[in-house]
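The values are calculated or read from the model by the stated rules, or taken from the named source; none is laboratory data. Bear in mind that the values here come from a model prediction, so they are computed numbers and not experimental data. We place every Cβ from the backbone using ideal geometry, glycine too, and count neighbours over all the protein chains shown. These area figures cover heavy atoms from the full protein model, side chains too; ligands, DNA and RNA do not enter into them. Shrake-Rupley method; radii C 1.70, N 1.55, O 1.52, S 1.80 Å.
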Amino acid sequence: MSLLDNALVTSDLHLTDNPRDEYRWGIFLWLREIAKKKGVGALLILGDITDAKDRHSSVLVNRVVEELTSLTSAKIEVWVLRGNHDGIDPARPYFRFLQHVPDIHFVYEPTTVMDTLLLPHSRDPRTDWHELEFNHYRWLLAHATVTGVQAENGQQLAGVPRDLFSSARAVLSGDVHVPQTIGNITYVGAPYPIRFGDSFAPRVILFRNEEHVEDLHYPCLRRLMVNVTGTDLIADGEMRAGDQVKVRVHLSRAEALNWEKHRETVRWTVEESGAELHGIELIVDRQPERKANPTPVRGSASDSELLKEFCEREQLDTDTTEMGEPLLERTGS
């Protein structure tokens, strides 16, 4: 027997009591339905139940307990690994009391269960884990970021040296929201987008007989960070009903004079798509400084050429340039 016999594995739920994050709570009903359909008897949450680390509201705490016990009532054993968001003092994590709830196991210190070693988040893993023989276990379940893993924005993160896990046969970890594998470490990833701009494919992993057999996807909204430039507004089809959207509008200084008009156009476009607008940010793009041009000496170029040079230097549009030619002819200049 193993913890990963007929089990669902997820991580980084980052639950809050903010209405904007209500979409995250539907994961529990979905997990119950999936567990029943797939014949699953265990759920492993690899850290970060909540987003804030401490001082949670009674509404949030009671809802967490109610949702977790709804799983145990459905004959699903729940294992929760302490993440870095699950308290301030590692020895006294906020949700430590969950270990007193039947069929819920809150793991806040290294713990061996059958062929698996559970490693909650550590601020100093080399010191905390130096006596542990990782090669004695079939699986390590952890909440740790290793150096070189990829963040949501595509950048590589710094963290625990990868060689710390070199002797481990296989590691499943939370803490990084983007599903990925780096060496012998598999990051489960978050089951839904957490931040605006998250573009990775969220997942929950189904295990049977200790084998990763299927990636499951909780159906939920997207959190988009949309960038638009000038009057080039949001493309058709970029948003869909139910999405949460933040928009960054990049304007030149001249275009920014009509900011109110641009903002209302963006607001209308988002509302028409059925998405929810959660912020519009103006970004004024700086124009490169133009070098001062020496005053041309009259006679060195025709008036028409001087007009053309002036319009190009001032970045005037074609209509304005064409209006200047007849004026020159009328004045006889």
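Evaluate 2.2 N^0.38 Å with N set to the residue count of the stretch 23-96, then give the Cα radius of gyration divided by it.
For the stretch 23-96, the normalised Cα radius of gyration is 1.14.
Which ³J(HN,Hα) values in Hz, rounded to whole numbers, follow from the phi angles of the stretch 149-159 under the Karplus curve 6.51 cos²θ - 1.76 cosθ + 1.60, where θ = phi - 60° and Gly and Pro get x?
6, 9, 7, 4, 8, x, 7, 7, 9, 9, x
In sequence order, what are the phi-derived ³J(HN,Hα) couplings for the stretch 246-253 according to the Karplus relation 6.51 cos²θ - 1.76 cosθ + 1.60 with θ = phi - 60°, rounded to whole Hz, with x for glycine and proline?
So the J values, rounded to whole Hz, are 10, 10, 10, 9, 9, 10, 6, 4.
Rounded, prolate or oblate for the stretch 1-136? Axes are the square roots of the Cα gyration tensor eigenvalues, ordered a ≥ b ≥ c, and the cut-off for rounded is a/c under 1.5.
Because a/c hits 1.5 or more and a/b fails to exceed b/c, the stretch 1-136 counts as oblate.
With viscosity set to 0.890 mPa s at 25 °C, what whole-number translational diffusion coefficient in µm²/s follows for the stretch 82-125 from Stokes-Einstein and a Kirkwood radius over Cα pairs?
Answer from the Stokes-Einstein relation: 221 µm²/s.
Can you compute 3J(HN,Hα) from phi for each residue in the stretch 4-17, using the Karplus curve 6.51 cos²θ - 1.76 cosθ + 1.60 with θ = phi - 60°, rounded to whole Hz and x for Gly and Pro?
9, 7, 6, 10, 9, 10, 9, 6, 6, 6, 6, 6, 9, 9
For the peptides 54-64, 242-252, 269-279, 8-18, what is the packing order when you average, over each peptide's residues, the other Cβ atoms within 10 Å and list the highest mean first?
8-18, 242-252, 269-279, 54-64
Going by accessible area, probe 1.4 Å, with all protein chains left in place, what is the ranking of MET239, MET114, MET225, largest first?
Most to least solvent-accessible, the answer reads MET114, MET225, MET239.
Please list, in chain and number order, the residues 5+ apart from HIS105 or on another chain whose amide H is under 5 Å from its amide H, with Hs placed from the backbone.
Correct list: VAL78, TRP79, VAL80.
Among VAL65, HIS136, ILE104, whose Cα sits farthest toward the positive end of the charge dipole of the stretch 44-168 (+1 at Cβ of Lys/Arg, -1 at Cβ of Asp/Glu, about the Cα centre)?
Towards the positive end, the residue furthest out is VAL65.
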